[in-house]
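Read the structure below first, then the notes.
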Amino acid sequence: QVPEKKLKLVMADKDLYKACAVEVKRQIWQDNQALFGDEVSPLLKQYILEKENILFSNDISFLQNFFSPSPKTRRQGEVVQKLTQMIGRNVKLYDMVLQFLRTLFLRTRNVHYCTLRAELLMSLHDLEISEICTVDPCHKFTWCLDACIREKFVDNKRARELQGFLDGVKKGQEQVLGDLSMILCDPFAINTLALSTIRHLQDLVGQDTLPRESPDLLLLLRMLSLGQGAWDMIDSQVFKEPKMEAELITRFLPLLMSFVVDDHTFTVDQKLPSEEKGPVPYPSTIPEAFTKFLQENRIACEIGLYYILHITKQRNKNAFLRLLPALVETFSDLAFSDIFLHLLTGNLTLLSDEFALEEFCTSLFDGFFLTACSRKENVHRHVLRLLLHLHHKVAPAKLESLQKALEPTKQSGEAVKELHNQLSEKLELRKPSPAEVSETPSMELPLPSVPTPASR
């Protein structure tokens, strides 16, 4: 504990302040929010940049994606470790960091701040810093959710625990919901909840059970809804759970289940002996209600997008091409968000052979990607990433037209220009070199043919 007078002297001398130990700096920071903010700010910028670099990385793979690292591995990251060290056991500094994260999340709507909120708390949990963990009302909920994220699935036992925490929010303490919603808005949490929802729906098809009869499924929707509503809740300061629309459960989810049934039926039909019957076509129309739900209901849209990721991962080309047109217009353009496009491009590598087909490429590029490229730079980048990875599979004529369509404009950023240059270089290398023969006519006289021993 350094006396107040001495702290003021340290603050007045920049070099002295720089050189002093973090224990001393904490005493200065706790009464000087602006100074602490200056120290924390570059770290938060670095954190967001790191997340975006992963989403736009040129390594495209369905095995290694944004969600692959385990929570424990992520917490070992430089920024989380530095913040943990800066906070130490100081509750006041911890509260300040949370306040920065809430403010930045409100200002930017950037969900990576929600990830950092959860990672920071769990990093302090790993170090058993009880001074902070016992006073953060989200601690046990986050700890339980963290285990689900590790397994990429919410099992029944943990579902009950999570429900207990949500139901346990007492009157007068509703503000806790704001923090819980931020923890649930973390993309890693949303990913786990959405994957679990898709798995539940498949199980329900096998059990002939409707979504409304599954309490576990309803809880997943409740948590998805809380997470998706985080920004609105913190912005409006109205701390109550968003109302679940009955139609989501009674109409949209059964629709998704009917797609699963269509797949099963088609597969069985393929295996039947083909006496007298013509080939059974795969259903190609999309129910209008599905498209409408994706445009108007945020949770339906999120689950619908994860269902499309699921069928792509299963290499189900028919189902993918059937539902793809529904992605052109979605709730607040979710189908053109970086996380979805990052996962989609990774999963599309499993369908790489289909890229040789004109019909597939036209549906995917002209019918989906190119509809947004001119107005959304991030989509432009993701398409170029995908082509850099799969250009050797695409038919040359199609590739040439795509290269033209994806040319950067004056407004395009450096990243797009750089990717387009890389693609052009790769395509140049692929062009067959023109045969020298056609360029220079030979001046030599043909040699007379000499009979070989075998032909005598």
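The values are calculated or read from the model by the stated rules, or taken from the named source; none is laboratory data. Since the structure is predicted, the reported quantities are computational estimates derived from the model, not experimental observations. In this analysis, Cβ positions are derived from the backbone assuming ideal geometry, glycine residues included, and neighbour counts consider all displayed protein chains. When the accessible area is computed, the model is the full protein with side chains, heavy atoms only, and any ligands, DNA or RNA have been set aside. Shrake-Rupley method; radii C 1.70, N 1.55, O 1.52, S 1.80 Å.
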When only C-alpha pairs under 8 Å and at least 6 residues apart count, what is the relative contact order of region 46-175, in percent?
23
Which loop GluC sites (Glu not before Pro) in region 179-284, with loop taken from DSSP, have no more than 10 other Cβ atoms within 10 angstrom of their Cβ?
Glu275, Glu276
I'd like the accessible area for Arg89, computed on protein heavy atoms only with a 1.4 Å probe and all protein chains in place. Round to 10 Å², please.
130
Considering only protein heavy atoms, what per residue accessible area in square angstrom results for region 163-283 with a 1.4 angstrom probe?
51
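Starting from the Kirkwood radius over alpha-carbon pairs of the chain, derive D by Stokes-Einstein at 10 °C in a medium of 1.306 mPa s and give it in µm² s⁻¹.
62
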Note to self: C-alpha centroids of region 284-329 and region 172-223 sit apart, in Å, by 19
For region 295-302, 3J(HN,Hα) per residue [Karplus equation, 6.51 cos²θ - 1.76 cosθ + 1.60, θ = phi - 60°, Hz, x = Gly/Pro]:
7, 10, 10, 4, 6, 4, 5, 4
For Arg251, net neighbour charge (Lys/Arg +1, Asp/Glu -1) across residues whose Cβ lies under 13 Å away:
-2
Counting Lys +1, Arg +1, Asp -1, Glu -1, what net charge surrounds Leu193 among other residues with beta carbon under 12 Å of its beta carbon?
+1
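If the chain between Lys243 and Thr362 were fully stretched, how many nm would it gain, using 0.36 nm times the residue separation less the Cα-Cα distance?
On the way: separation 119, 0.36 × 119 = 42.84 nm, distance 4.00 nm.
Length gained between Lys243 and Thr362: 38.8 nm.
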For a protection proxy built on the mean count of beta-carbon atoms within 10 angstrom, sort 111-117, 401-407, 98-104 highest first, please.
111-117, 98-104, 401-407
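What does the charge count near Leu166 come to, summing +1 for each Lys or Arg and -1 for each Asp or Glu among other residues with Cβ under 13 Å from its Cβ?
It works out to a net charge of +1.
Can you send over the carbon and sulfur percentage of the accessible area for the chain, probe radius 1.4 Å, protein chains only?
That share works out to 54 percent.
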Here the cysteines of the chain without any disulfide-compatible Cβ partner under 4.7 Å are Cys20, Cys133, Cys138, Cys144, Cys148, Cys301, Cys361, Cys373
Anchor Lys171: lysines whose Cα lies under 17 Å away (excluding residues fewer than 8 positions away in-chain)
Lys240
